[in-house]
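The values are calculated or read from the model by the stated rules, or taken from the named source; none is laboratory data. Since this is a predicted model, take the numbers as computed values, not measurements. For neighbour counting, all protein chains shown are included, and Cβ atoms are generated from backbone atoms with ideal geometry for every residue, glycine included.
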Amino acid sequence: MERYNDVTLLRIYNVIDCISNVLTMVGEKDKVVCYAGGFYGTEKKLRKLLSEYDIDIIKIKSGRYGIYRFIPVSAPLYYLIEINNTKELTKIVKALESPIATMLYIFNKKYKKEFCDEFDFISNNSFYMKKIANKDHEYLLYGIDTDNIESSTDMMEYVSYGSKLSNKMKCFL
């Protein structure tokens, strides 16, 4: 199931809270929770900020790639992190400032290595996630775009989940 919706920032934080609470209550030990997005600031500042939470930094990459290295504009640092303490999920999302274009990935731990090896900040990772979705019918993706000109609120959410995702994990639908 996939869908796009216009949303408000309040809705985004309520959804993240709901997911965090369910993951914490249910204790989804067989799941990995990854969060990817862009951060405007230095890598040192990003690492310092992330060091305050129970996370693993999987990848950090400069948004200055290819021809963009020569264009004098601000570029984000892209990050992919694994969140080990799901109680901190909302705090982490808020600490990383405005979630300009981020994605929360929740899937079975047995696909973690494959996911991390294949993950690329530049390409559309939803294509790769479809490979996981064909194997893991309990995955959940929650995407946030707070700079979307096609939306009446300038914000959109993207939701995709597996056919066997528990009703508890669909608490925000």
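Here are the numbers for this structure:
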item: Test: residue in region 98-108 that is surrounded by fewer than 21 Cβ atoms within 10 Å (Cβ to Cβ), in contact (Cβ under 8 Å) with a residue 40 or more places away in the chain, part of a helix (DSSP H, G or I) and in contact with a helix residue (DSSP H, G or I) (Cβ under 9 Å, 6 or more places away or on another chain); result: no
item: Among residues of region 5-38, those that are in a strand (DSSP E or B) and closer than 24 Å to LYS113 by Cα, counted; result: 8
item: Pick from region 137-158, criterion part of a strand (DSSP E or B) and among the aromatic types (Phe, Trp, Tyr), ranking: farthest from LYS170 (Cα to Cα); result: TYR158
item: Selection status of LYS31, within 17 Å of the chain's Cα centre (by Cα) and charged (D, E, K, R); result: yes
item: Which numbered condition ASP54 misses (of (1) loosely packed, with under 14 Cβ neighbours inside 10 Å; (2) in contact with a strand residue (DSSP E or B) (Cβ under 7 Å, 6 or more places away or on another chain); (3) charged (D, E, K, R); (4) closer than 26 Å to SER166 by Cβ); result: (2)
item: ARG69 vs. criteria more than 29 Å from THR153 (Cα to Cα), over 15 Å from the mean Cα position of the chain (by Cα) and in a helix (DSSP H, G or I); result: yes
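Per-residue answers, yes or no, for (1) at pLDDT below 90; (2) over 25 Å from ASN14 (Cα atoms):
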| site | (1), (2) |
| --- | --- |
| TYR65 | yes, yes |
| ALA75 | yes, yes |
| ILE81 | no, no |
| LYS109 | no, yes |
| PHE115 | yes, yes |
| LEU140 | no, no |
| ASP147 | yes, no |
